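First up is the structure itself, then whatever we jot down about it.
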Amino acid sequence: MKLVTSEEMRRIDKKAIEEIGIPSIVLMENAGLKVADAIEKKYGPLKGKYVYIFAGSGNNGGDGMVVARHLFNQKVKAKIFLLAEKKNIKGDAATNLAIIEKMGIPMREITSPAFMKSLEKELGKADIVVDALLGTGAKGAPRGLMKKVIDLINKHSKNTVAVDIPTGVDADRGEVPGEAIKAEYTVSLAYPKRGLYLYPGMDYAGEIEIADIGIPTGSEEDKINSELLTLAGISKKLFFRKPSSHKGSFGHLLVIAGSPGMTGAASLTALSALRVGAGLVTLGIPEDLNPILEAKLTEVMTLPLPQSKDKTLCKEGFEKIKDFSQKCKAMAIGPGISSTKQTRELIGTIIDQLDIPLVIDADGINVLAGELSLLKKYKAPLIITPHPGEMSRLVGASVEEIQKDRIGFTMALARRIGAIVVLKGARTVIASKEGDSWVNLTGNPGMATGGSGDILTGIIGGLLTQKLSCLEAAKTGVYLHGYAADLAAQKKGEISLIASDILETIPEATRRIKSEYS
């Protein structure tokens, strides 16, 4: 499902009106009718209930007036609170305002703080409040009277429905720079807006319904470069196997990971690759760690590598890695690997000289801070999986800046290095070098635990060995990782969730996904 920015939505509306010939008043009518229907479906029957519609001066307010009309016709006690003087309402909204007045629908102009006390009393009677104050084009924090009204609605509304997007939430980035409507239910018109699926905006949207308002699909939709990652968007290749298959059919993954005190990261990565079906997995680790990991892992093979005085991996191990990689389909590097100078040299040499599909995570990313030009030179398909802190070190922006524009930063980095970038976190974002992006909806706060990212690295690496492209592996891996964590949270709870719970739930996740395809 496509995710639009406010500018993309404006362009789509303009084409529907000017080129296709759908009158704007018709689109407003469709929008208001669909919102009224959605409210009836969620909260009905509505006859006799008090539904208060808060309308701004623009088209979003006009949509709210249409909502009021249709609810009023159903014997709902609808009332409009207009945060503007009637004389300032223009265009299609003015047309609907005139209809409202002729129908005798109650309406109050709220034009000064003097109305706040009486408004607070009226809100106490409302069964449902409809937020049609500001639409997707609004930017910045609401101020003055708007801010005061938002605060009152949040304090006193029992059930709040937002038209298109909650007022105060940035439609493109999900930012909430000031007061914002805390909706229980948001009816997004025509297409879902990016800000509804990015935090903190998602906390304000509540349940999200997408309403078809009659805009034809076409060439403008093809120009939208962000989507929601859903089950339909992941590869089916993983979930079906020929009866004649053998371990060689599903490839060999080489994992380069681990350092003293970080054997868990290495083992979680390797085991995750096996759990998603890689035929063989070999774990390359500092030679002193080999006895530990041979005892820890049964199905994973090990490759002891030369180590530095700190017992971390070093450049002297490169030739052994290069020779072994010739028999592998893909490589994953970084979890628990350390960021010493010797390790940095090894990773730099691997990126400079190897040409095998590669996933880089954790310390593998940290040692590349300031070395983005090296990533651009990599000769094979490449995926990097930073969390916001690692992304910050890579691009020289603060974590706060990145979190405010997760899609923008991820897309920019993917284009810059010519690779797939997976920005982990609440609503993981995947971006391709071609300029497309996906926002994942699976996963939960229980994933904020040590080792969760290592499992994602192993999942993506294991998928790369099974003839999935980098983009297919990234999208499928991110979705599956979050889905397995959701299943694990159902059993263990989010608070008690640990990484190995996610690992153990991968089989159930793959079974359930396969059943959806069957």
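Show the residue pairs that are 6+ apart or on different chains and have beta-carbon atoms under 8 Å apart, the first residue being within the stretch 63-78 and assigned by TED's automatic domain parsing to the domain that holds ALA132, the second being polar (S, T, N, Q) and at pLDDT 95 or above.
MET65/ASN96; VAL66/ASN96; ARG69/ASN96
Given the criterion crowded, with 19+ Cβ neighbours inside 10 Å and within 25 Å of VAL276 (Cα to Cα), identify the matching residue among GLY233, GLY258, GLY248.
Just a single option satisfies the conditions, and that option is GLY258.
Would you please list the contacts, defined by Cβ atoms under 8 Å and residues six or more apart or on different chains, that run from a residue in the stretch 209-235 that is within 23 Å of ARG406 (Cβ to Cβ) and of a type in the set (D, E, K, R) to a residue that is part of a loop (DSSP other than H, G, I, E, B) and modelled with pLDDT of 90 or more?
That search, which allows pairs on different chains as well, returns GLU227/ASP436.
Quick check, is VAL51 closer than 21 Å to LYS121 by Cβ and of a type outside the set (S, T, N, Q)?
yes
Of a type in the set (D, E, K, R), more than 28 Å from SER338 (Cα to Cα) and in a loop (DSSP other than H, G, I, E, B): which single residue out of GLU472, GLU516, GLU508, GLU494 fits that description?
GLU494
Quick grid of which residues meet (1) assigned to a helix (DSSP H, G or I); (2) touching a His at 6+ places or on another chain (Cβ under 7 Å); (3) surrounded by 13 or more Cβ atoms within 10 Å (Cβ to Cβ):
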| position | (1), (2), (3) |
| --- | --- |
| LYS42 | yes, no, yes |
| TYR52 | no, no, yes |
| PHE72 | yes, no, yes |
| LYS75 | no, no, no |
| PHE81 | no, no, yes |
| ASP92 | yes, no, yes |
| ARG108 | no, no, yes |
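Does any residue of the stretch 281-290 turn out to be in contact (Cβ under 8 Å) with a residue 60 or more places away in the chain and either buried (at least 20 other Cβ atoms within 10 Å of the Cβ) or not in a helix (DSSP H, G or I) (or both)?
Scanning the stretch 281-290, I find at least one residue that is in contact (Cβ under 8 Å) with a residue 60 or more places away in the chain and either buried (at least 20 other Cβ atoms within 10 Å of the Cβ) or not in a helix (DSSP H, G or I) (or both), so the answer is yes.
Which one is nearest to the chain's Cα centre (by Cα) among residues in the stretch 157-195 that are of a type in the set (Lys, Arg) and within 21 Å of LEU123 (Cβ to Cβ)?
LYS182
Here is a list: LEU145, LEU97. Which entry is part of a helix (DSSP H, G or I), assigned by TED's automatic domain parsing to the domain that holds TYR43, over 21 Å from PRO177 (Cα atoms) and of a type in the set (A, V, I, L, M)?
Criteria check complete, one pass: LEU97.
The values are calculated or read from the model by the stated rules, or taken from the named source; none is laboratory data. Owing to the predicted nature of the structure, the values given are computational and were not obtained by experimental measurement. We place every Cβ from the backbone using ideal geometry, glycine too, and count neighbours over all the protein chains shown.
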